[in-house]
Structure formats: C-alpha cells, structure tokens
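Colleague: Okay, handing you the structure first.
The values are calculated or read from the model by the stated rules, or taken from the named source; none is laboratory data. All of these numbers come straight from a predicted model, not from anything done at the bench. Note that each Cβ is placed from the backbone with ideal geometry, even for glycine, and that neighbours are counted across all protein chains shown. In case anyone asks, the SASA skips ligands and DNA or RNA and just uses the protein heavy atoms, side chains included. Shrake-Rupley method; radii C 1.70, N 1.55, O 1.52, S 1.80 Å.
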Amino acid sequence: MSADLLALDARHVWHPFTQSATAGVPLVAASGHGATLVTEDGRELLDLVSSWWVNLHGHAHPAIVEAVARQAATLEQVIFADFTHRPAVELAARLAGHLPGDLDRVFFSDDGSTAVEVALKMALQYWRNVGQPGRDRFIGFEGGYHGDTVGAMSAGRASGFFSAWEGLLFPVETVPFPATWDGDDQVAAREAAALDALDRAFAAQPGRVAAVIAEPLIQGAGGMRMCRPSFLAAVAERVRAEGALLILDEVMTGFGRTGPLFACLKAGITPDLVCLSKGITGGFLPMAATVARESIHQAFLGASLDVAFLHGHSYTANPLGCAAGLASLDLLEGADCTARRAAIEAIHRDRLDDLARRGRVGRTRLCGTVAACTVGDGGAGYGAAIGPKIKAAALGRGLLLRPLGDVLYLLPPYCVTDAELHRAWDGIDAILAELAG
Ligand SMILES: *Cc1c(COP(=O)(O)O)cnc(C)c1O
C-alpha cells in the first residue's frame, strides 16, 4: 500500500528544502499521538523537532481536535473584510493580553513569512503615513532567517540560502549577532562589537532606518544561535533612541519556547511589531499574526483609503485556525504546561552538561525548551556531513532529529514526558559514541 503511495509521491509531489535526485524515500506519516508520530508501516518516532517547530501540545491533541471539529461544523471560513467573527476577536484580545505594552492590534495572515512581510510593509507605510517617507531602510542580523517570500528573504538574506534570487532582494544591512553558549567568556566583547556596528549603521544613514528586525533570543534556522536577553534589551534601547521601529520575529520563539509565553517578555522589552506563527494554532493549521502597537495602528487611520493598510489574504483570520489558537492558548495558560516546560528545561540542562563534561559535544546552550550544541569537529557549518549521519542513526532508534549542519538541537512538544526525553538524550549519547568510535 505504501509502495503505491510512494510511487505517486515520487511522480507528483515536490517536497520543500529537498534535493529529490538524492533524497531518500520519505517516511509515510499515518497518525500521531502525544510526542509520537506513527508511520504507515507501524514505526513509532519521537518527534523531537515538533514537526518543524509548530507542534506545542502533541499530535492530534483531543482538546484542539474538538475545538477545530466544532468550529468546522459551525463556520469554516468567512471573508474578513466587512465581517468579523467570535474566534478571531477572542484570539486577538487574548494575544494582546499576553503581549507587553500597547501591542494591542492584531493583523492575521497565513504563515511566518507572511507575518514578516506584513510587518515590513506596515513599518514602511507607517513612516510614509507620519510624513517621514525617507525612513525606508531595514537593518537585520547576520544569521537571521525570516522566511522564504521575497521580503522575508531580503530581511534574512545573510542566512545564505537565497543566492538564486539575489537579484530580487531589496538591500537590508546586517550587523553581527553575538551568539553565545555555556562557559563563553568572550560574549561581552562580541556584544559590544555588535552594538557598535548597529550604532555605526544608524550614524551612516541618520533618519533613514525604518526598522530593525530580529529573531529574539534564538536564531532558529541559522543554527539555534542564542544571545543574552540583556543584548536584546540593549538593541531595543538603541533602536528607540534612533527613532526607528523594532520588529521582533517570534515565529519560532513565540508561545512558550523560550520559557515565558514570548521571548520579548524574557528580555523585558516592548517591540513595535511582533510576528507570530508556527505554534499559534498548536501546530494544527497554518496561521499567523502580526501584532502592532496601538500607536502604530493610529497612523493608519484617516479619511482616505490611501493611509489604510491595503493588504490581506484569502484566508485571513480563518475561523478554524482561530479556534485551534484559542484551544492551544487554554492549554498554554494551564499550570500543567508551565510545569512541563520547566521540567523539559531542567532535563535538557542535566543532559547537555553531562555530554559536555564527557567531551561529546561543544558549545552547549539552552533557552527554555530549546537545547542545542555542536557535534563533530565544529566549524563545518551547514553542509557538515555529521548532520545527516545523526539524522539517519536517530531514525533507526525511533527518534526524529534534524540537525542544522553540525548543530544538534532538541525542540520537543511540551507534552513530551520525562521518560521520553531521557530516551531521546540516551539515544543521542549512544549515537555520538558510535560516531566517535
Ligand atoms: C519558520 C520561520 C519563519 C517562516 O515561517 P513559515 O511559516 O515557514 O513561512 C520566519 N521566521 C522565523 C524566525 C522562523 O523560524
């Protein structure tokens, strides 16, 4: 049965981020429960990447299944101009309630990339609307990743994934990101250099920067590179002093990944625009939100359509996504989920320290439920051969891991049990021993 399906897949499906000429046969996922994925041939895999960082509470979580089913039988979709609906309004209000300051105005879209596009477009039009159209430049961070649409690629161009489309991208200046790890005693100097670079970038084009965009605390796709909260706070202060806007891309860090519900809370800062997606529906439906400070939104009010934000998507604020988002928030706000996140962090800490002590891994780092380290000789970067080897060995042990080059990371759903997480780390320990020996 799977053979027929795979033949059809090979003939008709184009998979993302995949070189189909050399890629192995894909696994056929049939179902999921908790942190486990089950394939058609009955294999069970522990999903340690939360299915590309979207799943929060486990696969097919009954509470979210229920909420989506109920909503689907009631109202599956409605045009969101001239209409509103209860799930969208409630979700917007609850997101605003969790975000700091006057981050009160929620614009819905479809995925992380569109959340970023919306933020970039809002920033530019904001300056035009307030009579400063000269503020039309963006600054990002080296190693930043913001998605695969044209504007998002431009903002993340330093990630190096986009050479085929270089000609399409608009210029975005980048400054260094002072990634750090356990026992790093050089971080203060790197932070100072990064802040100097930001100062110089501002000084070279006074009054021209529309916004600075950053992944707060963790650069995900760039290799789970982590910075200190105090660095982010220093960036926010400088952006504020320059008068530019700060866009935080919390597409990966949002919804509890770094500990608190949002990374900006951990850093104690209030950005002007926040991009949310991935975990927003608990991993059930594609949806995103760009949340703006009310003071930004005010600049789009006026008598003419010209100052309005003329942007939207067919499925904007899809009721099923909103219903899933509300059910996911119910779970996130519960004491159980907070306790689970703390337990995951504690186990990560122990196991990372143990591996580091025995010299199995380098540059260990941890932020909330995200643990990362380098494997192999280090420095091999994204093309490192060890990544695919670990991935294959892990699959053999029933573990779904996707190292980013020589960076091994764990980003499990919050429902993962202590026993499951220890099994994952035991497996990693054994795989690293095999590869070393
Ligand atoms: C995944 C990701 C995106 C892009 O989201 P998509 O849903 O894949 O378009 C943007 N920013 C960050 C930080 C991400 O991790």
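Colleague: Just to be sure I understand the curve: with the Debye formula and one point per C-alpha of region 90-138, what is log10 I(q)/I(0) at q = 0.13, 0.15, 0.16, 0.17 Å⁻¹?
Modeller: Values returned for q = 0.13, 0.15, 0.16, 0.17 Å⁻¹ are -0.40, -0.52, -0.59, -0.65.
Colleague: Okay, next question. Connecting C-alpha atoms closer than 10 Å in a GNM of the chain, tell me which of Arg358, Arg397, Arg225 has the biggest fluctuation.
Modeller: The residue that fluctuates most here is Arg358.
Colleague: Could you order Asp47, Asp354 by accessible surface area, starting with the largest, using a probe radius of 1.4 Å? Could the numbers behind the result be given before it?
Modeller: Working: Asp47 0, Asp354 40 Å².
Putting Asp47, Asp354 in descending order of accessible area: Asp354, Asp47.
Colleague: To the nearest 10 square angstrom, what accessible area does His57 show with a 1.4 Å probe?
Modeller: 20
Colleague: Continuing with the same structure: Of Asp111, Asp102, Asp82, which has the most accessible area and how do the rest follow, probe 1.4 Å? Don't skip to the end; give the middle numbers.
Modeller: Details: Asp111 65, Asp102 40, Asp82 160 Å².
Of Asp111, Asp102, Asp82, the descending order of accessible area is Asp82, Asp111, Asp102.
Colleague: Can you compute the modelled spin-label distance between Asp41 and Ser304, with each label point 7 Å from Cα toward Cβ, in nm?
Modeller: Here the modelled spin labels are 6.5 nm apart.
Colleague: Sum -39500 (n - 2.57) across every DSSP H segment of at least 4 residues in the chain, then divide by the residue count to get the 222 nm mean residue ellipticity, nearest 500. The partial results should precede the final answer.
Modeller: Values: 14 runs with 173 residues, N = 437.
Calculated from helices alone, the mean residue ellipticity at 222 nm is -12500 deg cm²/dmol.
Colleague: Build a GNM of the chain with springs between Cα atoms under 10 Å: which of Ala35, Ala203, Ala327 gets the top mean-square fluctuation?
Modeller: Ala203
Colleague: While we're looking at this one, here's another question. Projecting each Cα onto the charge dipole of region 271-372 (Lys/Arg +1, Asp/Glu -1 at the beta carbon, about the Cα centre), which of Ala327, Gly359, Ala292 comes out farthest on the positive side?
Modeller: Of Ala327, Gly359, Ala292, it is Gly359.
Colleague: Under the rule of at least 5 residues apart or a separate chain, name every residue whose amide H is placed under 5 Å from the amide H of Asp249.
Modeller: So Asp249 has HN proximity to Ala214, Glu215, Cys275.
Colleague: Hey, in the GNM for the chain with a 10 angstrom Cα cutoff, which one of Ala201, Ala292, Ala210 fluctuates hardest?
Modeller: Of Ala201, Ala292, Ala210, the most mobile in the Gaussian network model is Ala201.
Colleague: Quick one: check the C-alpha center-to-center distance for region 282-340 versus region 11-34, whole angstrom.
Modeller: Using only Cα atoms to place each centre, the spacing works out to 30 Å.
Colleague: At 0.36 nm per residue, and after removing the present C-alpha to C-alpha distance, how many nm does the segment from Leu395 to Arg11 gain when stretched out fully? Spell out each step's value before the answer.
Modeller: Details: separation 384, 0.36 × 384 = 138.24 nm, distance 2.48 nm.
My answer for the length gained is 135.8 nm.
Colleague: For the chain, I need the span (max minus min coordinate) of the C-alpha atoms along each principal axis, in Å, sorted largest to smallest.
Modeller: Over the chain, Cα extents along the principal axes are 66, 57, 46 Å.
Colleague: Taking every DSSP beta bridge that has both residues in the chain, what percent is antiparallel when rounded to the nearest 5?
Modeller: Working: 30 of 46 bridges.
So the antiparallel bridges amount to about 65 percent of the total.
Colleague: Given contacts defined as C-alpha pairs under 8 Å and at least six residues apart, what's the relative contact order of the chain, whole-number percent? Can you show the working numbers first?
Modeller: On the way: 809 pairs, mean separation 91.2, N = 437.
Across the chain, relative contact order equals 21 percent.
Colleague: Order Arg238, Arg357, most accessible first, counting only protein heavy atoms with a 1.4 angstrom probe. Intermediate values should be presented prior to the final figure.
Modeller: Values: Arg238 75, Arg357 175 Å².
My answer, sorted largest first, is Arg357, Arg238.
Colleague: At a probe radius of 1.4 Å, what is the per-residue accessible area of Thr84, in Å² to the nearest 10?
Modeller: Ignoring ligands and nucleic acids, Thr84 comes out at about 90 Å².
Colleague: How far is the Cα center of region 167-220 from the Cα center of region 137-158, in Å?
Modeller: 12
Colleague: Please label the shape of region 21-155 as rounded, prolate or oblate, based on the square roots a ≥ b ≥ c of the eigenvalues of the alpha-carbon gyration tensor (a/c under 1.5 means rounded; beyond that, a/b larger than b/c means prolate, else oblate). Intermediate values should be presented prior to the final figure.
Modeller: On the way: a/c = 2.50, a/b = 1.42, b/c = 1.76.
Because a/c hits 1.5 or more and a/b fails to exceed b/c, region 21-155 counts as oblate.
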